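The numbers here are math on the coordinates, done by the rules we state, and not lab data. Every value quoted in this text rests on a predicted model; they were computed, and no experiment measured them. All Cβ positions, glycine included, derive from the backbone under ideal geometry; neighbour counts span all protein chains shown.
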Amino acid sequence: MITVLAFLLTLTVLIVVHEYGHYRVAVACGVKVLRFSMGFGRVIWRRQKSSEHTEFVLSALPLGGYVRMLDEREGPVAPGELDQAFNRKPLWQRVAIVAAGPLANLLLAVLLYASSHWIGIDEPKALLGTPSPGSLAERAGMRAGDWVQAWQDDQGQWVDLRSLSDLRWQLTQHLLQGQALRLQLSDSQGRSGRQLRLGLDELGAQDMDAALVKRIGLGQAYSEPVLGEVKVGGPAALAGLQKGDRVLRLEGQPVSDAQGLRERIRTSVRDGVVQPMQWQLQRGTQVIELTITPRLVREGDHGVGRIDAFIGTAPELVRVQLGPIEGLSQGLVRTWEVSALTVKMIGRMLIGQASLKNLSGPLTIADVAGQSVQQGLAYYLGFLALVSVSLGVLNLLPLPMLDGGHLMYYLFEGLTGRPVSDLWLARLQRGGVAVLLMMMSVALFNDIARLLGLH
């Protein structure tokens, strides 16, 4: 239920803001707005002061909305109202009205990001766990317990990283741009500083999926190798492990963190058979040695080890909260960065450098909306900002049926001095519908594939 309500709230806010942008600028330009609709299909609620005012309606299908303006192309217009018709307005006003919807979404994103920064979020510190064996991060020299403090921009300036989320954002941006990422690290106490280069430019990757994440191997947030709840009857319980035990060594090798411990348990399978493991652990003031045989679990076409116990402690958190000016500034920066990243991703998909698997649809949006609501208001506002940017950028694409397509018509009119002919408008509209249906089908397929674990 939370997921459904969060999804409906997300749609309502983004659609109303988008359409209100069109509506507000249309009224400012002297265009008569006949209807402001939230949703499509059968009208379930309406409000109108008089026949001379705009009719506000709520329709049964909430997957969109529209603003219907007085326009001679859509029906007869009384002589006394011709000056209020959209098609009679100067080109610059028509451009402003059409562009106002996407720009309203981008402005909303700035305010939402800023609000999220003002409220503040508790995020994991950029203190890393063990990198995946053989991964890019391991080869670059990353180790468990590394604190990543800053990254280097194109001008050679070091930019502070506030949290693990900041690090992952820079990782995503540099990966999609095919650029290496230079990082400044230290130990967990801020000592022994050093620099390294993460060669993301060597990957040539198309998909930011689980396989690519494993190839990069950037550790999760650092977590102490301490046991949590132990399942009754599982391998850990049968061997005598208890909640609170700190694992010191495994097969004689030091255990640095929970992630490294989990990985070594997973890889305890040899030729389809789980191997017994010698553990050394600390329980209070005692040091205990035990032999544990994980159970075999099938994952796809291979087996992994499990001990049926929760491993690790909660990661160290840092409070990320900004003041009024810095929060607004960061809202502008993040909106610009996400917009640019979205355009680059779409461009890469069009030329085949990025997979269509990156397209997401309503099921993914609903799922993430529900999760972000449960994490708190600041997280949900950040998610809402991300979707608002995506909606704004998508609507500016030069596709018929979208605002960007109409802006292309007006560009043609501005360059040639004449509007696009009705014949070509009809052809372009049909083509635009086909492209949008294809994009929606791919996005829905990706949603279902993710839910089924196929992506």
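Computed about its Cα centre, the charge dipole of the range 124-222 is approximately 320 debye, with only Lys, Arg, Asp and Glu carrying charge at their Cβ.
Let me check against my output: what whole-number percent is the relative contact order of the chain, with C-alpha pairs under 8 Å and at least 6 apart? For the chain, the relative contact order is 17 percent. Among E413, E123, the ranking by other beta carbons within 10 Å of each residue's beta carbon, starting with the fewest, stands as E413, E123.
Here the chain is assigned +1 on the Cβ of each Lys and Arg and -1 on the Cβ of each Asp and Glu. Its dipole about the Cα centre then comes out at about 380 debye.
Note on R249, R88, R430, R42: ascending count of other Cβ atoms within 10 Å places them as R42, R430, R249, R88, the fewest first.
Can you tell me how the range 124-222 classifies by the Cα gyration tensor, rounded, prolate or oblate, using a/c under 1.5 as the rounded cut? Oblate shape, in that a/c is at least 1.5 and b/c is the bigger or equal ratio.
Its Cα centre serving as origin, the range 249-322 has a Cβ charge dipole (Lys and Arg +1, Asp and Glu -1) of approximately 120 debye.
Ordering W279, Q189, V387 by the projection of their Cα atoms onto the charge dipole of the chain, which places +1 on the Cβ of Lys and Arg and -1 on the Cβ of Asp and Glu, puts V387 at the extreme positive end. Take each peptide in 395-405, 378-388, count the other Cβ atoms within 10 Å of every residue, and average; sorted highest first, the result is 378-388, 395-405. The Cα atoms of the range 196-286 give a gyration tensor whose axes a ≥ b ≥ c have a/c of 1.5 or more with a/b greater than b/c, which makes the shape prolate.
With helices as the sole contributors, the chain gives -14500 deg cm²/dmol at 222 nm; each DSSP H run of n ≥ 4 counts as -39500 (n - 2.57), and the sum is divided by every residue.
In summary, the helical segments of the chain meeting the span-like criteria, namely a full DSSP H run, a Cα extent along the axis of 30 angstrom or more and a mean Kyte-Doolittle hydropathy of at least 0.0, are 2-28, 91-119, 324-350, 422-451. Values (1) 150; (2) 194; (3) 225 are given for comparison; volume of the Cα convex hull per residue in Å³, derived from the coordinates here, is the one labelled (2). In terms of surrounding Cβ atoms within a 10 Å radius of their Cβ, K231, K32 rank from fewest to most as K231, K32.
Once backbone amide H atoms are built at 1.01 Å from N, G228 has G244, F310, I311, G312 as its partners under 5 Å, excluding neighbours fewer than 5 places away on the same chain. Here's the picture: a label point sits 7 Å out from the Cα of Q429 along the beta-carbon direction, and within the range 78-119 the residues with their amide nitrogen under 17 Å of it are 86-88. Between A99, G199, S116, the Cα set farthest toward the positive side of the dipole of the chain (charges on each charged residue's Cβ, about the Cα centre) is that of A99.
Placing unit charges on the Cβ atoms of the charged side chains and taking the dipole of the chain about its Cα centre, the candidate lying farthest along the positive direction among V4, T291, G260 is V4. In the chain, the DSSP beta bridges split such that about 95 percent are antiparallel, to the nearest 5.
For L34, the residues whose modelled amide H falls within less than 5 Å of its own, excluding neighbours fewer than 5 places apart on the same chain, are R68, M69, L70.
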